[in-house]
Amino acid sequence: MKIAIYPGSFDPITNGHLDILQRATKIFDKVIVLVAINSSKNHRFTVEERVQMIKEATADIPNVEVDSSEGLTVKYAKEHGAGTLIRGLRAVSDFEYEFRLASANEFADASIDMVFFMARGDKTFISSSAIIELYNNGVDISALVPESVIKRL
Ligand code: COA
């Protein structure tokens, strides 16, 4: 069974994340969406809220599980029988960060590989903070996030 981990802050999950997740679920038997707990970051939503919003948004995708974890994602992957981490790339600016992340992960555990999906053209500008800013300024963001996020804003 091919298991992949899709890690991130998901603060909150967006339709950009969901698009990448949906595409990953067609390639892997199971994808675990992992809310990575980073206590040094100031989050808008609690870990529990973020997990719950993802669970609701992915309820109709059978091969998705949602979890949260502290510590290294590669360690979590190994413990859960996953050989791959999924990440999305929106622009060249993402590449540099992802390349460093991939190198750090490889240093920690070279047996876990990273697979990248290119964000679809209409989703390249989406980020969690941009969505919150648009929302706070009265823009209708219902096309950018799932219903589970809208109801908590
Ligand atoms: N669609 C929409 N938004 C996207 C996106 C997409 N396809 N891809 C990235 N983003 C946005 C997010 O919305 C977020 O926006 P924000 O900054 O405005 O909130 C931003 O890109 C970055 O978010 P994310 O992808 O969640 O990355 P991150 O830097 O917060 O977290 C982890 C990266 C969690 C995967 C990584 O830090 C991790 O694995 N941490 C655990 C510890 C570890 O293993 N570290 C690695 C070795 S040092």
For the pair R100/D113, report the inter-label distance in nm, with labels modelled 7 Å from Cα in the Cβ direction.
2.6 nm
Quick one: pull the percent of accessible area on the range 3-150 belonging to carbon and sulfur, 1.4 Å probe, ligands and nucleic acids left out.
52 percent
Using only Cα atoms, find the angle between the long axis of helix 47-57 and the longest principal axis of the chain, and express it within 0 to 90 degrees, rounded to the nearest 10.
80 degrees
Would you mind working out the accessible area per residue for the range 21-111, using a 1.4 Å probe, and quoting it in Å²?
59 Å²
Report the one residue of F28, I54, G71 whose Cα lies farthest in the direction of the positive end of the charge dipole of the range 3-150 (charges on C-beta: Lys and Arg +1, Asp and Glu -1; origin at the Cα centre).
F28
The convex hull of the Cα atoms of the chain, divided by residue count, gives a volume in Å³ per residue of 111 Å³
Subtracting the Cα-Cα distance of L134 and I37 from 0.36 nm times their residue separation yields 32.4 nm
Computed for the chain: size of charge dipole around the Cα centre, +1 on C-beta of each Lys and Arg, -1 on C-beta of each Asp and Glu, debye to nearest 20, value 100 debye
Listed residues A110, A57, A77; largest mean-square fluctuation, Gaussian network over the chain with Cα springs below 10 Å, found at A110
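The values are calculated or read from the model by the stated rules, or taken from the named source; none is laboratory data. Keep in mind the model is a prediction, meaning the values are calculated, not measured. A quick note on method: Cβ atoms are made from the backbone with ideal geometry, for glycine too, and the neighbour counts reach across all protein chains shown. Side chains are part of the model used for accessible areas, which takes the heavy atoms of the whole protein and leaves out ligands, DNA and RNA. Shrake-Rupley method; radii C 1.70, N 1.55, O 1.52, S 1.80 Å.
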